[in-house]
1. Mind listing whichever residues of region 63-73 are free of Cβ contacts under 8 Å to residues at least 60 places away in the same chain and surrounded by 15 or more Cβ atoms within 10 Å (Cβ to Cβ)?
2. Could you please find all residues in region 12-43 being under 17 Å from residue 70 (Cβ atoms), in contact (Cβ under 8 Å) with a residue 40 or more places away in the chain and among the hydrophobic types (A, V, I, L, M, F, W, C)?
3. Working only within region 4-47, note down all residues that are closer than 17 Å to residue 62 by Cβ, in a loop (DSSP other than H, G, I, E, B) and in contact with an Asp or Glu (Cβ under 9 Å, 6 or more places away or on another chain).
4. Please determine, by comparing only the residues of region 35-87 that are more than 19 Å from residue 19 (Cβ to Cβ) and polar (S, T, N, Q), which one is modelled with the highest pLDDT.
5. Scan region 44-61 for residues that are touching a residue at least 24 places away in the same chain (Cβ under 8 Å) and either among the polar types (S, T, N, Q) or exposed (fewer than 14 other Cβ atoms within 10 Å of the Cβ) (or both) and jot them down.
Amino acid sequence: MTPLHGEPVIVATAVGPGHDGRAELVVELGYPNGGRTQLSITQEALVGALDAAGVTRAEDLLGRPWTVLVGHDTPPEPATATTSTER
């Protein structure tokens, strides 16, 4: 996957804390004009992004366009067991 002219690319990745206490991937994007920004990716979204990019490690996303991180189906959250009182 080759970045389009002017498209931000992934320039760094690191594991960081999520707001819910679970680890997230912090991704730094670099823009052609030298600008930088960071965003956080949940574990579930990361699995989809890695799969779609055909890689197995977050470091392998370096140099790829930021769009590899969006638009992927994520696995559903595990179902919580419920008890029914109906008889």
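The values are calculated or read from the model by the stated rules, or taken from the named source; none is laboratory data. Here the structure is a predicted model, which means the values were calculated and not measured. Here Cβ is always computed from backbone atoms with ideal geometry, including for glycine, and neighbour counts include all displayed protein chains.
1. 66, 69, 72
2. Selection gives 27 alone.
3. Correct list: 31, 32.
4. 56
5. 59
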